[in-house]
Every structure is written in C-alpha cells, then in structure tokens.
C-alpha cells in the first residue's frame, strides 16, 4: 500500500497586482497551480467576488483527489491568503512561483506535515524588494526549497 503524505502549505502574500486576473482567469490559475504539482482536480474551480465591506475581493477553491486549494484576495489591501493541502508530494518553490502573476512584494509561508499531529517542516519569507529568498523563522536553514 502506498504511504500517504499529509502536507499543508499556507501562504500570505503582499501583492502589487491584486486585480490582474479576472474571475475566469483565477479559475485557470487554481487549476494550473494544482496541476503543476502533479495533482488532479476533481471539481471545477469556484471563484466568486465577495463585496462585503472590508472583505472585498475574489475568493475561490478547487477540490483535488488528495484534498484542496483555496484562496482569498483582498484587492483593496493587496493581500492574498492561500492554502494547498495534499496527501501527496509538494514542491514548495514551485507552489510559491504560482504567485508570480500577482507581482508579489512579499510571500510568507508555512509548511505543516499533518501525518501525525501538526509538525512545522518549513517556513520562510520570499521578500522580492530585498532580493533574498529565505528567512529563518525556526532556526532552520531554508535556503534550499525542495519537494517534501
């Protein structure tokens, strides 16, 4: 029997172009993000615009065979929060590259192994203004982004 992994990545991004993609393009962005990981969507992505005061922006998700990806963009603040949970492998750098379309200034991320409890296995910051791509949050060297 194949051993399942239980990897969850959470991302908060400060972005320059929160409105660069329309709702249909964000649906494609979701599909591309999961398919680039070798994951298989099992539903059509849902993306809608939320116009609640203080929470304005697109929100969306897609179910995959091994779980889901979801996001919300606060277009007035230029912030995106997203997560991808999978029972398969995850390439962190490839996932972070998914956000390049939105012209990120800073991406903060946390990777959790949920196989047996909650174990933080990687965390960091990609700060494009300062031209460095790691930040040591836990006393662990994160210079090498790799598949988990």
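Where a number appears in this text, it was derived from the coordinates with a stated rule and is not lab data. Since this is a predicted model, take the numbers as computed values, not measurements. All Cβ positions, even for glycine, are placed from backbone atoms using ideal geometry, and neighbour counts span all protein chains on display.
The table for this structure:
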quantity	calculated
Gain upon complete extension [residue 100, residue 72; 0.36 nm per residue less C-alpha separation]	8.5 nm
Value of relative contact order over the chain, rounded to a whole percent, pairs C-alpha under 8 Å and six or more apart	28
Cβ-based exposure ranking for 69, 24, in which fewest neighbours within 10 Å come first	24, 69
In Å, descending, principal axis extents of the Cα set of the stretch 7-127	39, 32, 23
Fewest-first ranking of 64, 73, 42, using other Cβ atoms within 10 Å as the exposure measure	42, 64, 73
